[in-house]
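Participant: Structure incoming, see below.
The values are calculated or read from the model by the stated rules, or taken from the named source; none is laboratory data. Every value quoted in this text rests on a predicted model; they were computed, and no experiment measured them. All Cβ positions, even for glycine, are placed from backbone atoms using ideal geometry, and neighbour counts span all protein chains on display. With ligands, DNA and RNA removed, areas are computed over all heavy atoms of the protein, side chains included. Shrake-Rupley method; radii C 1.70, N 1.55, O 1.52, S 1.80 Å.
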Amino acid sequence: MYFELITPDKKAFEGEVIGVKMPGVNGSFEVLNNHAPIISNLEKGELRVTASNEQKFFEIESGIVEVLNNKIVVLTETVQEK
């Protein structure tokens with residue numbers, strides 16, 4: 001599954017991942033391989049990216065996520081790697 005984390009200034013992360021846990025407005029949720037297509041709002045919180053041999057954590061402001069055909073794109077105003 002391919003993941004991109006994008007701000008207006010840069011791509012904070014892009015690459016193959018196993019899963020991404022996000023702070024949704026109705027609670028956190030995780031996207032794994034073959035997830036159903038969605039578009040959802042995100043709130044301020046921690047985003048956890050699980051790759052094959054590591055986990056990365058990012059603090060994001062509110063944003064939006066699109067999941068389609070095993071590709072996840074998160075758009076946010078600011079992001080900080082933890």
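Participant: Once label points are set 7 Å from the Cα along Cα→Cβ at both SER28 and ILE64, what is their separation, rounded to one decimal in nm?
Facilitator: Going from the SER28 label point to the ILE64 one covers 2.5 nm.
Participant: Tally up the carbon and sulfur contribution to the accessible surface of the range 1-63 as a whole percent, 1.4 Å probe, everything protein left in place.
Facilitator: Answer for the range 1-63: carbon and sulfur cover 45 percent of the accessible area.
Participant: Sticking with this structure for a sec: Out of residues 5 or more away from ALA51 or on other chains, whose amide H comes under 5 Å of its own, with H placed 1.01 Å from N in the peptide plane?
Facilitator: Hits under the 5 Å cutoff: ILE18, LYS56.
Participant: Mean-square fluctuation check for the chain, GNM, Cα pairs under 10 Å: which of SER52, SER62, SER40 is largest?
Facilitator: Comparing SER52, SER62, SER40 in a Gaussian network model of the chain, the most mobile one is SER52.
Participant: Just to be sure I understand: with springs between alpha-carbon atoms less than 10 Å apart, which residue in LYS21, LYS71, LYS11 has the highest mean-square fluctuation in the Gaussian network model of the chain?
Facilitator: In the Gaussian network model the winner is LYS11.
Participant: If you don't mind, there's one more thing I want to ask. For PHE29, enumerate residues with amide H under 5 Å from its amide H, sequence gap 5+ or separate chain, H modeled in the peptide plane.
Facilitator: So PHE29 has HN proximity to MET22, GLY24.
Participant: Leaving ligands, DNA and RNA out of it, work out the accessible area of VAL25 with a 1.4 Å probe and give it in Å² to the nearest 10.
Facilitator: 80
Participant: Turning to a different aspect of this structure: Residues of the chain: accessible area per residue at 1.4 Å, in Å²?
Facilitator: 59
Participant: Determine the gain in length on full extension of the stretch GLU4-GLN55; use 0.36 nm per residue of separation and subtract their C-alpha separation, reporting nm with one decimal.
Facilitator: Between GLU4 and GLN55, full extension yields 16.9 nm more.
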